[in-house]
Amino acid sequence: MRPHRDFLTLRDFSAAELDALLALAARMKAGRYRKQPLAGKALAMIFMKASTRTRVSFEVGAWQLGAHALFLSPRDVQLGRGEPIGDTARVLSRMCAGIMIRTFAQADVEEFARAADIPVINGLTDEHHPCQILADLLTAREAFDDVRKLSVAWIGDGNNMANSWLDAAAQLGFELRLACPKGYDPDSTALARAKSVTRIVLTRDPREAVAGANVVNTDVWASMGQEEEQAVRARAFAGFIVDDALMARARRDAIFLHCLPAHRGEEVAASVIDGRQSRVWDEAENRLHVQKAVMAALMGGESLRPGKKRARGK
């Protein structure tokens, strides 16, 4: 079994390596990275959940780096018929250079990683969404340069996005304020870990979370698989909409982020997501660039040497 690294949560990279990943992604976005380190290789993409941005960004990114990406739904692989995760991981390890999986349980991704001897990338689970947060950090970096000096506000459900924001804050040291309704807090372990190393505020008041923030971020109130809870969640999240009045409490140069898909008029007002402070389309595009950086590093041997001077993506 050859040595390899996985990307299951943001904790899998040090702060210096996260800086290097963002710098590499910025170079790629600026067209200053011409290499194809994945030439002749294949990426297995396992989708137990539907996807737009994850599928397109990984598939296009793999192709741009020289690799072939295989889309594998439950109908396409024996996982859908009960084959053990470990068996699938071992077979794919013999034919592919990496596995990206978008699924429900974080434990399933971890089981893939234990069984595989090629890099495993978490494309999304119910507990974590590290690729999306990398894209969010790149978007914030483009607006403010130094992500360590940010004040980030998260409004809404303490879901996989909130958990990964907590991991990012713990790794990079920026301030994170989360406004979540009672009963919808983020993972207690992730919260305690982040609180031990940086300033974290958990509040029931979105206005407190947003006050003076650089970045205002939200997500749908009912994520994939929670549709039956829609009515209950709509009542619980009343007052948590990111509208113009709430954005006015953030810094004048604050940006708005949303991982998409969005429900205008529910968690965010149309005037905000389609307004001048919105960076959601840059954020969506940045999924491509950060995931290329991750694949180049994990599958293509691209160096993430700590301490290397950061390249600007302009």
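What follows draws every value from the coordinates through simple rules; no lab data is involved. Note that this is a predicted model, so its numbers are computed, not measured. Note that each Cβ is placed from the backbone with ideal geometry, even for glycine, and that neighbours are counted across all protein chains shown.
Of all DSSP beta bridges confined to the stretch 1-110, the antiparallel ones make up roughly 0%.
Counting only DSSP beta bridges with both residues in the stretch 132-282, the antiparallel share comes to about 0 percent.
Of LYS29/LYS49; LYS195/LYS292; LYS149/LYS195; LYS49/LYS182, which ones are farther than 20 Å apart at the Cα? Please list the in-between numbers first.
Details: LYS29/LYS49 27 Å; LYS195/LYS292 31 Å; LYS149/LYS195 16 Å; LYS49/LYS182 28 Å.
In this structure, LYS29/LYS49; LYS195/LYS292; LYS49/LYS182 lie more than 20 Å apart at Cα.
Temperature 25 °C, viscosity 0.890 mPa s: under these conditions the Stokes-Einstein estimate for the chain, based on its Kirkwood radius over C-alpha pairs, is 124 µm² per second. The distance separating the Cα centre of the stretch 260-281 from that of the stretch 103-166 comes to 21 Å. Placing dummy labels 7 Å off each Cα toward the beta-carbon, the span from THR189 to VAL91 is 3.0 nm. With one equal scatterer per alpha carbon and no solvent term, the Debye-computed log10 I(q)/I(0) for the stretch 1-127 at 0.11, 0.19, 0.22 1/Å reads -0.38, -1.17, -1.50.
Spin-label model, SER303 to ALA30: label points 7 Å out along the Cα-to-beta-carbon direction sit 1.9 nm apart.
Work out the P(r) tail for the stretch 132-282: percent of alpha carbon pairs separated by more than 20 Å, whole number.
42
Note on ALA231 and ARG11: their simple-model spin labels are 3.9 nm apart, each label 7 Å out from Cα toward Cβ. When the alpha carbon gyration tensor of the stretch 53-144 is reduced to an equivalent ellipsoid, its three semi-axes come out at 25, 16, 12 angstrom, largest first.
Within the stretch 10-84, report the trypsin sites (Lys or Arg not before Pro) that DSSP leaves as loop and that have at most 11 other Cβ atoms within 10 Å.
Numbers: sites: ARG11, ARG27, LYS29, ARG32, ARG34, LYS35, LYS41, LYS49, ARG53, ARG55, ARG75, ARG81; in loops: ARG32, ARG34, LYS35, LYS41, LYS49, ARG75.
Those that pass, being in a loop and sparsely packed, are ARG34, ARG75.
Rounded to two decimals, the Cα radius of gyration of the stretch 114-171 over 2.2 N^0.38 Å is 1.27.
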